[in-house]
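A short worksheet on the structure shown next.
The values are calculated or read from the model by the stated rules, or taken from the named source; none is laboratory data. Just so it is clear, the structure is predicted and the values come from calculations on it, not from any experiment. In this analysis, Cβ positions are derived from the backbone assuming ideal geometry, glycine residues included, and neighbour counts consider all displayed protein chains.
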Amino acid sequence: MFSKLRDLFKPKVVYKVVEVSKPRPSYRWDQNTKDAVSTLAAHPGFVALTERLALAKAQLETTIKQTRHKDLQTVEFLQSGVFWSEWLQEQVAKATTKGSTRTYLDPYEEELKAFKELDSRIERVGME
């Protein structure tokens, strides 16, 4: 009996196949790209666009909180707008701040570098 109930409430997996007209190019973030993107934070036009995005998010939040909605679909649409606005702001902030340009360092290489630094500070006496 419980197995039948469990099967009733089992989530269904749905796959959606999306056709892409042509392959997208792979953009690697080399140092030149990182430097170029990091300068956007000081560009007046870019700042204006990010402020407009923040204003749009605030307007959506206000609409959700202060307006009576005719159906749940409208609320879901507004909530999606808030979510994606916030996500986009986070992505832009990560890309334009200097902290996001840190490159990955292999843990072994990092330990080896630290070991060599400590080893170079040791004063050896009587060794040839």
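General observations
- Criterion applied to 76, 117, 110 was being out of contact with any Pro (no Cβ under 7 Å at 6 or more places or on another chain) and at pLDDT 90 or above, and the one residue passing it is 76.
- Selection count, the range 36-76, where residues are among the aliphatic types (A, V, I, L, M) and not in a helix (DSSP H, G or I): 0
- Meets criteria (of a type outside the set (Val, Ile, Thr), surrounded by 11 or more Cβ atoms within 10 Å (Cβ to Cβ) and part of a loop (DSSP other than H, G, I, E, B)) for residue 84: no
- Neighbours by Cβ (under 7 Å, 6+ apart or cross-chain): first from the range 68-84, without any contact (Cβ under 8 Å) to a residue 24 or more places away in the chain; second outside any loop (DSSP other than H, G, I, E, B): 69/75; 75/64; 78/60; 78/63; 78/64; 79/64
- Here the condition is being at pLDDT 90 or above and among the aliphatic types (A, V, I, L, M); of 54, 41, it holds for 54 alone.
- Flag: residue 88 matches the condition of being within 17 Å of the chain's Cα centre (by Cα) and touching a residue at least 24 places away in the same chain (Cβ under 8 Å).
- The residues listed here are 109, 61, 117; of these, the one that is of a type outside the set (Phe, Trp, Tyr), over 24 Å from residue 31 (Cα atoms) and over 23 Å from the mean Cα position of the chain (by Cα) is 117.
- Residue 119 vs. criteria out of contact with any strand residue (DSSP E or B) (no Cβ under 8 Å at 6 or more places or on another chain), loosely packed, with under 10 Cβ neighbours inside 10 Å, in a helix (DSSP H, G or I) and of a type in the set (Asp, Glu): yes
- Residues that are surrounded by 10 or more Cβ atoms within 10 Å (Cβ to Cβ) and of a type in the set (S, T, N, Q) were ranked within the range 28-38; the one that is modelled with the lowest pLDDT is 33.
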